[in-house]
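Bear in mind these aren't lab numbers, they're just calculated from the coordinates by the rules spelled out. Because the structure is a prediction, the values reported are computed rather than measured. Cβ sites come from the backbone with ideal geometry, for glycine too, and all protein chains shown count toward neighbours.
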Amino acid sequence: MNIQSKLPDVGITIFTIMSKLAADHDAVNLSQGFPDFDPLPELVDLVGQAMRAGINQYAPMQGLPDLRRQIAQKVKALYGASIDPDNEVTVTSGATEALFAAITAVVHPGDEVIVIEPAFDSYVPAIQLNQGVPVFVPMTFPGYDIDWDRVEDAISERTRLILINSPHNPTGTALNADDIIALQSIVARHDLFILSDEVYEHILFDHRRHESMLRYPDLAAKSFVVSSFGKTYHTTGWKIGYCVAPPQLSLEFQKVHQFLTFASNTPIQHAYAQFMQRSDLHLQLSAFYQQKRDLFLKLMENSRFTPLPCAGTYFQIMDYTAITGEPDIDFARRLTTAHGVAAIPPSVFYHDRRDHKVLRFCFAKQDHTLARAAEVLCKI
């Protein structure tokens, strides 16, 4: 068949590749970002209760009203923003769907989108499928800071959207107050929207504050803010996320969402709506994962890997230049096949495959999993 691909340069994602390689070689999988432990039994029980109670048919397209109200209450409590659950919240089938719907809602053929690299791998294909033009701005290495002067220089009269991700995957960095001031200045001077990927909003370390777009009325007025229940409640396979946006943007977002998935899993939405009433669970998440980060760093002290600062997420970037000068993709493969630990090579998150000789390790794992991996890594 003569198929003209809309994504000719896109193959299978690195997450699929590395997880399969890990499975094939019985390696410890610190590559793909998912926990190897279960969610709380109470949450699982709530899903089962909803199913047995007959809550198994389509939810409203925007999401269950109770869940949207809980989201609005959380946003008010954490960020001081009053949002309308009926007109500014949409529940989606995962954050990836929300990102695609937001990009599709505002990006027209020829529109430019600022992509700060390294960038999560779903961003650029979504832009390209909407015939938008990604404009790449690299973070500075090794601090992975955003050079806002370069962002400003990249903006043209065709710029429609800027993609923000904080806490940031894969680097583990997070926006600070100075970043917000710089972003506010840019938004004030240019007519553009913001797509803010905040799926790790509850995972920040060392008493840092999450600088959500929702804290700032001038930014919130131009933003799609995307979040993930999977990251918060250790349920990545349930694929439920949500998007908060002003009414006009939410309307355009929902026009796309209704033809992507229409509605997301009803009993799981019902369970989350009840579970969210326990705000202590997401408020304790930073401490939970900081313990994981600190344990992993402690276990790796005698290795030849050098950690870069990790402000949030459950990913740790490690410099391996003391071990080898191999390209990160080659070293990641060898680490998996020869040594039995899988990691992600961050060069895949750059359009030009920029290689800083670092790897990304996921520490959202049981302590014994981290210990097993570190024992191997310290011998390399």
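Here is how the numbers come out for the structure above:
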{"quantity": "Rounded to 5, the percent of DSSP beta bridges in the stretch 42-278 classed as antiparallel", "calculated": "30"}
{"quantity": "Charge context of Arg68, other residues only, Cβ under 12 angstrom, K/R +1, D/E -1", "calculated": "-2"}
{"quantity": "Relative contact order (%) - criterion: Cα under 8 Å, at least six apart; region: the stretch 248-328", "calculated": "16"}
{"quantity": "Average Cα contact separation per residue, the chain, under 8 Å, 6 or more apart, as relative contact order %", "calculated": "25"}
{"quantity": "Per-q log10 I(q)/I(0), the stretch 39-113, q = 0.11, 0.14, 0.19, 0.22 Å⁻¹ (Debye; single scatterer per alpha-carbon; no solvent)", "calculated": "-0.43, -0.66, -1.02, -1.15"}
{"quantity": "Along each principal axis, Cα extent of the stretch 42-278, largest first, Å", "calculated": "56, 42, 30"}
{"quantity": "Helix-only mean residue ellipticity at 222 nm for the chain, each DSSP H run of n ≥ 4 adding -39500 (n - 2.57), per residue, nearest 500", "calculated": "-11500 deg cm²/dmol"}
{"quantity": "Loop-resident sites, the stretch 33-134, for chymotrypsin sites (Phe, Trp or Tyr not before Pro), counting at most 12 other Cβ within 10 Å (DSSP)", "calculated": "Phe37, Tyr58"}
{"quantity": "Residue-wise HN-Hα coupling along the stretch 187-192, computed from phi with Karplus coefficients 6.51, -1.76, 1.60 (Hz; x: Gly, Pro)", "calculated": "5, 5, 8, 10, 8, 9"}
{"quantity": "Spatial separation of Cα centroids for the stretch 324-342 and the stretch 179-201, in angstrom", "calculated": "36"}
{"quantity": "Calculated FRET value between Phe288 and Leu260, using beta carbons and R₀ = 35 Å, to 0.05", "calculated": "0.60"}
{"quantity": "Pair-distance profile P(r), taking every C-alpha pair of the stretch 244-380, with 10 angstrom steps and integer %", "calculated": "10, 29, 23, 22, 14, 1"}
{"quantity": "Within the stretch 111-182, GluC sites (Glu not before Pro) in DSSP loop having at most 11 other beta-carbon neighbours inside 10 Å", "calculated": "Glu157"}
